[in-house]
Amino acid sequence: MAKEIERKFLVSGDGWRSEAETGSVFQQAYIVTMDDRSVRVRIADGKSARMTLKVGKSAVVRDEFEYEIPLSDALAMIDLAVGIVIEKTRYRVPFHGFVWEVDVYDGALQGLVIAEVEMRSEDDRPDLPDWIGREVSGERRFSNQYLALDGRPPD
């Protein structure tokens with residue numbers, strides 16, 4: 001079992017693009033959603049798939065179990081999605097010893113851009129790039145689970 005320790009922010013501007021690595025296109029569907037847990041399926045670049053179980057109520061730390069699954073199974077599960085299927089392109093952006101993941105949403109969530117930084121410890125204090133906007137860690141309405149269920153929140 002892994003621990004997911006991350007902070008999440010809205011993105012302000014395109015300053016991150018010049019430092020970004022090549023993006024990966026994701027389709028992401030939630031199969032089970034509850035207040036303190038979720039099961040999701042994610043297809044990356046139409047080639048590989050993973051199923052992830054996340055458990056926890058903390059705004060920053062959750063237990064995470066992730067497994068590779070057959071692409072055909074993921075495609076079948078996406079048809080069982082609760083809410084919308086999230087479409088996004090994820091870019092990795094290295095900055096001062098941390099890797100930021102910038103998600104540019106498409107489809108029903110088009111126009112939304114969110115950055116996450118995964119940390120090794122809750123005590124980590126990553127430097128914030130100048131393209132980082134308001135922190136939304138702990139604002140459930142900006143979690144992918146709630147975006148799938150409720151759509152894009154007002155900024």
Some residue of the stretch 70-84 being without any contact (Cβ under 8 Å) to a residue 40 or more places away in the chain and crowded, with 16+ Cβ neighbours inside 10 Å: yes
So ARG141, is it in contact with a Pro (Cβ under 7 Å, 6 or more places away or on another chain), of a type outside the set (Phe, Trp, Tyr) and modelled with pLDDT under 95: yes
Residue list for the stretch 1-33, filter: closer than 20 Å to GLY83 by Cα and out of contact with any helix residue (DSSP H, G or I) (no Cβ under 9 Å at 6 or more places or on another chain): VAL25, PHE26, VAL32
Residue list for the stretch 129-155, filter: buried (at least 17 other Cβ atoms within 10 Å of the Cβ) and outside any strand (DSSP E or B): PRO129, TRP131, VAL136, PHE142, SER143, ASN144, GLN145, TYR146, LEU147, ALA148
Criterion: over 15 Å from SER24 (Cβ atoms) and modelled with pLDDT under 95 - qualifying residue of SER72, SER58: SER58
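The values are calculated or read from the model by the stated rules, or taken from the named source; none is laboratory data. Bear in mind the structure is a predicted one, so any value in this text is a computation, not a measurement. For neighbour counting, all protein chains shown are included, and Cβ atoms are generated from backbone atoms with ideal geometry for every residue, glycine included.
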